[in-house]
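One structure below.
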Amino acid sequence: MTSTSSARTTTGREPKQERAVRTRAQVLDTAAELFAERGYEATSIVDIAERVGMTKGAVYFHFKNKEAMAIAIVESNYERWPALLKEVRTPDLDPRGTILALLDRTAEAFHTDRTIQAATRLQSERSLIHTPLPEPYVGWIDLLTGLFEEAERAGQLKAGIPPRAAARVVVASFYGMQHISDVLHRRTDLVDRWQELRTVTLQALLPQD
Ligand code: LUB
């Protein structure tokens with residue numbers, strides 16, 4: 001629970017534990033902002049403390065080191081997608097519609113959400129980070145394989161394409177699309193580029209008569 005009013009006691013103060021949870025989230029959000037802007041190497045704990053308006057010691061209370069922050073950001077990125085799938089799924093949506101809705105929302109998130117932008121940058125810098133990060137891409141490939149299997153059962157996947165191949169192609173092209181958009185236009189054109197990719201790739205994988 002992160003809501004504020006109900007978290008307060010009769011003294012009007014937030015219980016200690018909930019305040020700690022909120023502070024930790026603030027630190028992580030600020031770290032994400034800096035990692036996304038400058039990258040891992042160029043961001044220090046002092047930079048993070050200064051931007052969030054806390055002492056270095058207060059930041060260390062929540063995270064042992066910079067590596068721990070990187071892992072937390074990347075993990076929270078991967079936790080988001082199954083949750084988003086649950087959110088977009090509705091009984092009236094067919095597998096094709098579910099895949100499109102999920103990826104539309106994902107493209108928006110890559111455009112606006114700094115935790116995702118930071119996680120993506122951290123993964124691209126993974127060889128410079130002195131701790132193993134969760135393995136990239138595999139979660140997305142599994143998630144989409146399941147959805148393309150549903151599409152196959154519903155007769156919506158183009159004949160002869162294995163669901164896992166379809167999933168790999170979508171992840172590879174989405175990844176490339178967002179990377180190029182970041183490098184060339186700081187992601188300002190990401191949603192437009194997604195629309196192109198959606199039309200070309202998904203029309204081929206999930207043709208509509
Ligand atoms: C996604 C990135 C950036 C795949 O799954 C991942 O690890 C990803 C970072 O490594 O894009 C795009 C669906």
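Determine whether Tyr78 is under 19 Å from the mean Cα position of the chain (by Cα) and outside any helix (DSSP H, G or I).
No; evaluated as a whole, the condition is false for this residue.
How many residues, within region 170-188, are of a type in the set (A, V, I, L, M) and either in contact with a Ser or Thr (Cβ under 6 Å, 6 or more places away or on another chain) or more than 11 Å from the ligand (Cβ to nearest atom) (or both)?
Qualifying residue count for the region: 3.
Mind checking which helices (runs of 4 or more DSSP H) fall wholly inside region 8-65 and carry at least 2 residues that are without any contact (Cβ under 8 Å) to a residue 40 or more places away in the chain and closer than 21 Å to Thr112 by Cβ?
Those helices (runs of 4 or more DSSP H) span 16-38, 45-52.
From the residues in region 164-188 that are in a helix (DSSP H, G or I) and of a type in the set (Val, Ile, Thr), which one is nearest to Trp81 (Cα to Cα)?
To start, the set of residues in region 164-188 that are in a helix (DSSP H, G or I) comprises 164-185.
In the following step, the residues that additionally are of a type in the set (Val, Ile, Thr) were identified as 169-171, 180, 183.
Numbers: Val169: 18, Val170: 15, Val171: 13, Ile180: 22, Val183: 24 Å.
Applying the filter and picking the extreme gives Val171.
Is it the case, given these coordinates, that Val191 is under 20 Å from Gly97 (Cα atoms), within 12 Å of the ligand (Cβ to nearest atom), part of a helix (DSSP H, G or I) and among the hydrophobic types (A, V, I, L, M, F, W, C)?
no
Any residue in region 89-115 that's within 21 Å of Leu190 (Cβ to Cβ): show its pairings with residues that are hydroxyl-bearing (Ser, Thr, Tyr) and assigned to a helix (DSSP H, G or I) at Cβ separation under 7 Å, as long as the two are six or more apart or on different chains.
Within 7 Å, the pairs are Thr115/Ser76.
Identify, by number, the condition in (1) more than 11 Å from the ligand (Cβ to nearest atom); (2) crowded, with 16+ Cβ neighbours inside 10 Å that Thr90 doesn't meet.
All conditions pass for Thr90, except number (2).
Could you check region 127-140 and list, in sequence order, the residues that are within 8 Å of the ligand (Cβ to nearest atom) and either closer than 17 Å to Glu37 by Cβ or surrounded by 15 or more Cβ atoms within 10 Å (Cβ to Cβ) (or both)?
Pro136, Gly139, Trp140
Quick one: which of Ile161, Ile141 is among the β-branched types (Val, Ile, Thr) and either touching a Leu at 6+ places or on another chain (Cβ under 8 Å) or part of a loop (DSSP other than H, G, I, E, B) (or both)?
Result: Ile161 is the single residue among Ile161, Ile141 that is among the β-branched types (Val, Ile, Thr) and either touching a Leu at 6+ places or on another chain (Cβ under 8 Å) or part of a loop (DSSP other than H, G, I, E, B) (or both).
Throughout, read-outs are computed from the coordinates displayed, never taken from laboratory work. Just so you know, these numbers come straight off a predicted model, no measurement behind them. FYI the Cβ positions are ideal-geometry reconstructions off the backbone, even for glycines, and counts take in every protein chain you see.
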